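Right, one structure below, let's go through it.
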Amino acid sequence: MEGALQRRIQRYGWDKAAIYYEDFWQQQLKPAQDKLLEMARLQAGEKLIDIACGTGLVSFPAAEKLGANGFVLATDISDSMIKICTEAAKERKIGNIQFRRMDAEELDVPNEEYDVALCALGLMYVPDPIKALKEMYRVIKPGGRAVAAVWGQRDHCGWAEIFEIVDKRVTSEVCPMFFHLGNRDILKRSFEAAGFSNVNFEKLNTILNYNSDEDACGAAFAGGPVALAYHKFSDQIKNEAHIEYLDSIKSFKNGKGYEVPGEFVVAIGYK
């Protein structure tokens, strides 16, 4: 897929998904986000950039860890995500954080400005993940570190059929390389290709819990990466897609809900 088209799909798709994102994904993504923050070993007073910040689920805990003398610049390609975060920071009176809309592949910040760069579950969506990692490398200081989390292997993620279900109803693939970075040691090798040294990674198995058919479909369609295409579907097509998706996860049904397996990969590298 052409890079510019993929960026537009992601930008406007996440604009659509923003209001649903935390309701459907906050608890589901927490294991990966917690591991990312643990591996980052943030220190009070450090300066941090959080890329593809979404609704700030990593940005706000990071700002708290860094303290009043630290600073977080949190970026995302979605205007709606940035608006939600900015309003939340004002409401919570958090003064050591700023949110700006930016493309992960072209960060509008100076070289060697930050101690730490984070990207929690955002690299799967950029056209060129290595270019985004090179930007993370560029903006951290010598001796600095970067940590990124991605979804794991496709066959370890029970919800993976969502992409095929949506792709066959639209004219272009939504996330053609979504699971690539989660394969084997691809994320580690991508870090190394971007210039990082002493790269290590961990894999985490997780379970995505949904209480009902509605919750499972809401997370898959309205609150995630296929939201732009989904919102253009007619009610009939939406219903057909729901039925097909629920059939794809039926083996994980538990009572009225679902326990869907997933996998995360989290890597750290140093400059």
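The values are calculated or read from the model by the stated rules, or taken from the named source; none is laboratory data. The structure displayed is predicted, hence computed values, not measured ones. Note: ideal-geometry Cβ built from the backbone for every residue, glycine included; neighbour counts use all protein chains shown. Just the protein is used for accessible areas: all its heavy atoms, side chains included, with ligands, DNA and RNA removed. Shrake-Rupley method; radii C 1.70, N 1.55, O 1.52, S 1.80 Å.
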Fill in the blank from the handout: Which of (1) 1.11; (2) 0.97; (3) 0.93 is the computed Cα Rg over 2.2 N^0.38 Å? It is (2)
Practice task
Please identify, among I51, I82, I130, the residue showing maximal mean-square fluctuation in a Gaussian network model of the chain using a 10 angstrom Cα cutoff.
Solution key: I130
Fill in the blank from the handout: Which residues qualify? For I140, with a placed amide H closer than 5 Å and at least 5 residues away or on another chain, they are E112, E113, Y114
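Quick one: net charge of M102's neighbours, Cβ under 9 Å, K/R +1, D/E -1? Write down the numbers at each step before the final one.
Working: positive: R100, R101; negative: D76, D103, E106, D108.
Spelling it out: positives minus negatives among the neighbours equals -2.
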Practice task
Report, in debye and to the nearest 20, how large the dipole of the chain comes out about its Cα centre when Lys and Arg carry +1 and Asp and Glu carry -1 on their Cβ.
Solution key: 520 debye
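Net charge near V58, counting Lys/Arg +1 and Asp/Glu -1 over other residues with Cβ under 12 Å of its Cβ? Intermediate values should be presented prior to the final figure.
Numbers: positive: K30, K35, K65; negative: D34, E38, D50, E64, D76.
It works out to a net charge of -2.
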Practice task
Could you point to the residue in L121, F178, F24 farthest towards the positive end of the chain's charge dipole, with +1 and -1 charges on the Cβ of Lys/Arg and Asp/Glu respectively?
Solution key: L121
Practice task
Please get the size of the charge dipole for the stretch 190-266, origin at its Cα centre, with Cβ charges of +1 on Lys and Arg and -1 on Asp and Glu, quoted in debye to the nearest 20.
Solution key: 20 debye
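Can you say what percent of the DSSP beta bridges in the chain, counting only those with both residues inside, are antiparallel? Round to 5.
Values: 22 of 42 bridges.
Looking only at bridges with both residues in the chain, the antiparallel portion is about 50 percent.
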Handout entry: For the chain, built as a Gaussian network whose Cα springs stay under 10 Å, the top-fluctuating residue of S251, S190, S59
Key = S251
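Solvent-accessible area per residue for the chain at a 1.4 Å probe radius, Å²?
On the way: 12170 Å² over 271 residues.
The answer is 45 Å² per residue.
Express the carbon and sulfur contribution to the solvent-accessible surface of the chain as a percent, rounded to the nearest whole number, probe 1.4 angstrom.
About 46 percent, which is the carbon plus sulfur part of the accessible surface.
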Exercise for the section: Place +1 on the Cβ of every Lys and Arg and -1 on the Cβ of every Asp and Glu in the chain, take the dipole about the Cα centre, and give the residue among G218, V199, Q10 whose Cα lies farthest towards its positive end. Expected result: V199
Problem - the chain: angle of helix 79-91 to the longest principal axis, Cα-based, in degrees nearest 10 - result: 60 degrees
Completion exercise
Nearest 10, in degrees from 0 to 90: the angle of helix 129-139 to the longest Cα principal axis of the chain is 20 degrees
Practice task
Taking the dipole about the Cα centre of the chain, with the C-beta of Lys and Arg at +1 and of Asp and Glu at -1, give me whichever of P142, V166, A229 is farthest to the positive side.
Solution key: P142
